[in-house]
Every structure is written in structure tokens, then in C-alpha cells.
Amino acid sequence: MSFSRILGQDRPKHILKKTLRNGCIPHAYLFYGQESVGKKLAAVELAKALNCEVSGPVDGCDGCPSCRKIDERTHPDFFLLEPEKSSPSARDAILKIDAIRELQKKLIYLPYEGQTKVAIIDSAECMNPQAANSFLKTLEEPPSKTIIILIASNPYQLLPTLVSRCQSIRFYPLAVETIKKIITKQLESETGDAQPELLELRAQRSMGQVARAMEEDLLKTSEYRGDLIGLIEQVSFKRMDLAFQWIRTYGRKTDRLQSILDELLNLVHDAAVLKTNRNPRAIQNKDLTHLLEKVANQKSLAALLDMFDAVHRTKVALKYNANAQLSLENMFLNFCEAA
Amino acid sequence: MEVRIDKDTFLNGVQKVQGIVETKGAMPILSHLLITTEKDRIGIQATDLEIGAKGYYAANVISSGEVTLNARKLFDILRELPSEEVHMIREDNHWITLKCGKSKFRLPGMPAQDFPPFPDFSQDSLIQFSSKLLKEMIRKTFFALSPDETRQALNGLLLEKENGKVNMVGTDGHRLAVIQRKLEKSAKGDKQSYLIPKKAVAELLKLIEDEESSFSFSSKNNHLAFIHGDQVIVSRKIDGKFPNYQQVIPSDNKIQVQVDRDVLQHALKRVALLADEKSKMVRFDIQSGNITLAADTTELGAAREEVAVSYSGKEVSIGLNAKYVLDVLSVIDDEEIVLNLKDQNSSCLITSTGDKEYQSIVMPMRL
């Protein structure tokens, strides 16, 4: 059972299995949802299931030559398109019209050895408008025995004309337990050791994304949280010195600033959740609950919401190259006003 | 694996599949060719997953086995070697040693089991062509194929078999060429039609060397095959429907203008020099006794030439793409051709006096 290799994502899995059993597979799918929650994995498993020589077209077996070749990406009827950087120094990777045309050229033939040709477009939102528009016709009426799977973490960046041509399946953030299982396996295979207490923390703070849970500096940035909570608690017009001191220490770390502000955002969010007493599972910093409760008791909900806004605005400003020091000072002034 | 083979035989075999091998691409193994051994011959095969070719060549097989070798490098090496016997030995780790005379080469191979399996093709011949016939049919229709690779159905030649006759059709939407020939031996049967991808046709042309041998055509599942003695070309079928070309062939073009092919060809070439670069339009003014070919553009200038024809009737003018007409004129073998017209907005059918089974259509342009 190869769909069982995908942990979590019960709903998408259920939908896919059912369509496979009924044999009425749409010509194009759009898998969307946060990054790193198993969209591509599911697409590959679907390709395997459709072409499996043993248990297809209901599920893959992972053993037959067809499944093996798809896993190794050497199957002649399996196409995986990923955005490429046009030059090593280019900022963003994009999917260009040439790649799409090349794919269209290959899709006109009947399958080489499998049952169904499967084309997966990973990060479909990276298609530039020319590429997306050239793809419309193929997406609407693909050649026979072909299914196309678009994968996007942000479907709103896709052309609406693309989205309307696909059947959409939403992928949800993974549960903490699932993340823990996945990263335990990955860490064990990589380094051979997995420290349970760190795993717990990583899983808690992953926001349901495997890649985030695996990030090197996920634990590092979490060390800033103590300072940040202190700031939220104490900053006021009387204690501006705290804010200035913090800015002096952290304002220069421009490469880290976004993730530090993310932490701040999460802390404010958690405090607000505690304040309203709703859905304790949404809290990401469970290990600091006792500190957060203090903050929640001290501040009003409106103040917390204002702070959240302020941090968010600062993040956007920094993304567009605003002066870090001024932006941060401005943010803390907003904090003071809110408090 | 160990093989001794004549260098020229080997080179010939490697050269035949060069056109198919992919030099760049996602799968590195496709830039390699696979060499297999049989009792007293070796098989050389290559594929780009769209078309594949396989040929057998006599060799002294000392021990059996399979190897893959970079096709380009092998070809370059063989070309430079003296005409002696080549000695090929596989080492344990997929490396291959080639020895010839005093030269020695070591080349890295890839695991032979990773090479895409040769598609299953049928030996049952559906249509048997003589080389001469196949070559003629391809030559007279191939030029009309669409160069646009995304228009899948127009990117191949249509091969139809019906009641002992075989048709071949090529079109790009602006022009069409259709040729019909009788088959020497063929059972009567239902109409069958196949689309042969452009690339496969191009490779097939390379394989036709002499005019004596024969080719048989077969089809199985998703693949078509052309078998020629020890050589096979297999192509994946194109997924698409060829347009109904019978509908396009005009039947009531009453105006028939008979003209000497050679004279028209040369005159048209001259006039086309000043035709609009993009549309290549030349105006054909047809009167009793002659055609006036005219090209008139503001940037390039004007050209005009008269060609004598046997025609008497009303005057008619039509604009045609000179390149399309020249393509047709260059493949017709007869001395005299006939332009069949209706009016300036209807398509022009070009036939030859000696061969009623070859028809070519060129769409007109607005004057």
C-alpha cells in the first residue's frame, strides 16, 4: 500500500483512493495547501498507483519496475516540472514557457510503457504568465491517457483560468504527532540519533510543515523567545530603554530579523489565544505557557491585536528594504500605545 | 562481454542511430546506445523515448553481455580509427575497453538494465513497401508537414490503407499533399489509418539507401514499426486525429491551366525574389494563352513575368504563396502540370498530367 506512505492528509488520501476505485479520474488536479505537507508526495503516489503493474490502478506497490522507475524519476511516462533559476544569481526560480512547451511536445505521444502519462508541475505559482497561458489549452483538453497535477502552496497566485480547469484538493497542515513521526524517521536516517525532547519542541513549532520542523535554526530562533516575551510584557513609554537596547542587539541581524519577528508574531498570537481561552491546540509555544499566561492576564485583547498588526506591518516593511532600526522603533512605539 | 567486430560495420551501425540519440535531456542514459550480443551478431539500439531504432550487425561474439556507451563519443572514436578489427571488452564496473590496431580507449558505461526496454513491436506486416515506393511517397508529402510541434495531428504523415491501395497525406493547414499508390501484394481489408510522427519519417528516410530492398510496416498497441531486414524503427503513436482531408480536396475547380513545370518553376523563383518576405505572395493573373506572375512590394520593388500556357477562358487572378507552389513543383516528375482553380477565394489544386494519383492543394491569399 503506497498511499499509506503518506502520513496524515486523510481527507485528500480518501478522495484520491475513492476516485481511483471508481475509475473516474479527472484530467487535471490542483493540490494546494501550505508548503511541505505532502502534496508532491501524494502526486507521485498517484502516478505510481495509476501505472502500477501489480495493484494498479488502485494503489502502488513500491516493488514493481514501474513504481521503482517513478520513484527514481526515470519512468518515460512520468514528467516532473520544477521551477528553475535562469542564472545562479537570479533571485526567484520560475517556470518558463520553454519548459511547458517541451512538456506539451512530449505529451502528444501515447504512453511508452505505462498506462497513464502523469505530468506534475511543482510550485505551479512560479509559472510566469506566458507559461501559464500557453498551458491553458493542454490543461483543458489534455491528450488521452494523461493526467496533469498542479501543485501550489498559494493557489491565489495562479491564474484563475488555470484553477478553474482543475479539480482542487486541499492539503492541511499536519498534526503534531504526524510531524513527530516523520521527522523522527528523517533524523534517524540522517544523523542516527533523535533527541526526544528536541523533537517535541520541533514538532510543536513546525506549524504543520515538515520542512519547517527540520530547519536548522528553528531551535536557535526559539532561544530569542524569552527576551521577546519580556519585551511584550514590559515595554511602555516609561521603559523605552528596554526597546532601544533590544534594537541595538538585534537590529543589525538583518538576515535573522524576519524569523525573529515571526517568533514575536507567534508569541502575540498565542497570548491572544490564551486570553480568549479558545482552542488551546492552536498554541505553538506550549513550553512557555506559564510565561504567556502572565502576558495574557496583563494585556487586553485589543492591545494584543494591535501589537500583532504592528509586527505584521514591520515584517512587510522590512521585506521591502525599509530601514531596520527605524521600523523596529516604530513597531515598539505602537506597542507602547497599545499597552 | 567480449566482441570482435569490423570497424566499418560497427561505424555504420553506430552512425545509423546517431540521429535518434538525445544529447541533452533529463535522462542521461538516453545519450547512450545499448549494445547487446547474440550468437554471431551484435544489436545496436538507441531511443529518445519517442522513436527507437535497433539494428543487427555481424560480429565475432566471444562472450555475451550488454553494455551502454555514449553514442556521440563512440561515433567520434570509430570514425577516426583505422579500418581494422575493433575489440570491445566490458570490465566489471561497467567500463568498456575498445582496442583497434595500436589504439586503446576506456569508456564509462551505465548499467544496461537502466536502458529503456525496446518497445514491443509486431512482426506482422500490415503494409509492404518497396524502398523506391516508400521513398517517393515520403518525398512527395513530407514537405507539407507542419513545423509547429504543438499541433500534434499535423506534425505527422497520415498513412492510410484501403482496398489494396495506400495513401499518404501531409498538411500544415495551409497546404496539403496527398499521394495514392497501388500495393503490389496486399489483402483487401477495412480502411486503417496511422499517424507517423515527423521525426520517425526523417529517421526512416535515412534508412532508405538502395531502391531494391523492402520495408514492412506494422502496428501494435501504442507503437508503430518499420522493419527493414535486420533494422527496425519503432515510433510511439501520436495522440490526435488527422483532419478529414478528403473534404478539403476541391472537386469543382473548372478552370484548368496546363503549364510546363520547368518554365513555371524558374519564372516563379525569379518573381518570388521580390515577393513580400513574410507572406511570399505572388499574384497569378491568368488570361487566355498566358499567366502573368507578379510580385509588388513597396520596400523591395516589383517583378513581373509572363509564362505561356494552354488555356482559353475567362480571366482569373489568385494570390499564392510562392514557396508552397515551388515545393510542389520540385517534387513532381512530369513535364506538364495542371493548376485547377475556381476563383480567387478558392483553393488551388495542383496535379500533373502523368500522375492522377498525386494531388497537392495550396490555399489562396487575399489579393
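Across the range B:140-151, computed HN-Hα scalar couplings (Karplus, 6.51 cos²θ - 1.76 cosθ + 1.60, θ = phi - 60°) run 7, 10, 4, 5, 7, 5, 6, x, 7, 6, 8, 8 Hz from first to last residue, x flagging Gly and Pro.
The aspartates and glutamates within cross-link reach of A:LYS253, meaning a Cα-to-Cα straight distance under 19 Å and a gap of 8 or more places when in the same chain, are A:GLU215, A:GLU216, A:ASP217, A:GLU223, A:ASP227, A:ASP262, A:GLU263, A:GLU329.
For A:THR161 and A:ARG68, what does the FRET efficiency come to when R0 = 25 Å and r is the distance between their Cβ atoms, rounded to the nearest 0.05? About 0.10, to the nearest 0.05. Among A:THR276, A:THR289, B:THR141, B:THR298, sorting on how many other beta-carbon atoms sit within 10 Å of each Cβ, with the fewest leading, yields B:THR298, A:THR276, A:THR289, B:THR141. Comparing Cα centroids, the range B:46-64 and the range A:83-137 end up 33 angstrom apart. Bridging of A:LYS286 to aspartates and glutamates at a Cα separation below 12 Å is possible for A:GLU200, A:ASP270, once same-chain residues fewer than 8 apart are set aside. Rounded to the nearest 20 debye, the dipole magnitude of the range A:64-139 is 200 debye, with +1 charges on Lys and Arg beta carbons, -1 on Asp and Glu beta carbons, and the Cα centre as origin. When the GluC sites (Glu not before Pro) in the range B:12-79 are filtered for DSSP coil states and for at most 13 other beta-carbon atoms within 10 Å of their beta-carbon, the remaining sites are B:GLU38. Any of A:LYS39/A:LYS137; B:LYS254/B:LYS356; B:LYS206/B:LYS323; A:LYS17/A:LYS39; A:LYS48/A:LYS117; B:LYS135/B:LYS241 with alpha carbons more than 20 Å apart? Name them for me. Pairs exceeding the cut-off: A:LYS39/A:LYS137; B:LYS206/B:LYS323; B:LYS135/B:LYS241. For chain A, the dipole from Cβ point charges (+1 on Lys and Arg, -1 on Asp and Glu) about the Cα centre works out to 680 debye, to the nearest 20.
Beyond a 27 Å Cα-Cα separation, which of these cross-linked pairs lie in this structure: B:LYS140/B:LYS342; A:LYS96/A:LYS220; B:LYS54/B:LYS237? The answer is A:LYS96/A:LYS220. Between A:SER123 and A:ILE151, the built amide H atoms are under 5 Å apart, and every one of these is 5 or more places off in sequence or on another chain.
Coupling constants for the range B:195-204 follow from the phi torsions by the Karplus curve (6.51 cos²θ - 1.76 cosθ + 1.60, θ = phi - 60°), and in residue order they are 9, 9, x, 3, 5, 5, 5, 4, 5, 4 Hz; glycine and proline get x.
Figure legend: label point modelled 7 angstrom from the Cα of A:ARG11 along Cα→Cβ; residues of the range A:150-180 with amide N under 11 Å from it are A:169-173. Taking a ≥ b ≥ c as the square roots of the eigenvalues of the alpha carbon gyration tensor, chain A is prolate, as a/c is not under 1.5 and a/b beats b/c.
Each principal axis of the range A:121-169 carries a Cα extent, and these read 28, 24, 17 Å when sorted largest first.
Of all DSSP-defined beta bridges confined to chain A, some 5% are antiparallel rather than parallel. Coupling constants for the range B:76-81 follow from the phi torsions by the Karplus curve (6.51 cos²θ - 1.76 cosθ + 1.60, θ = phi - 60°), and in residue order they are 4, 5, 4, 4, 8, 6 Hz; glycine and proline get x. GNM on chain A, alpha-carbon springs under 10 angstrom: the most fluctuating residue among A:SER168, A:SER144, A:SER206 is A:SER144.
Pick from B:ALA71, B:ALA302, B:ALA322: which residue has the top mean-square fluctuation in a GNM of chain B where Cα pairs under 10 Å get a spring? Ranking B:ALA71, B:ALA302, B:ALA322 by mean-square fluctuation puts B:ALA302 first.
Scattering from the protein assembly as shown was approximated by placing one identical point on each alpha carbon and applying the Debye formula without solvent; log10 I(q)/I(0) at 0.05, 0.10 1/Å stands at -0.41, -1.08. All alpha carbon pair distances within chain B were sorted into 20 Å bins beginning at 0; the resulting P(r) in whole percents reads 26, 43, 26, 5, 0. With a 10 Å cut-off around each Cβ of A:97-109, the average count of Cβ atoms from other chains is 4. Near A:ASP71, once Lys and Arg are set to +1 and Asp and Glu to -1 for all other residues with Cβ below 13 Å from its Cβ, the sum equals +3.
Each reported figure results from applying straightforward, stated rules to the coordinates on display, with no laboratory input. Here the structure is a predicted model, which is why all the values come from computation and not from measurement. All Cβ positions, even for glycine, are placed from backbone atoms using ideal geometry, and neighbour counts span all protein chains on display.
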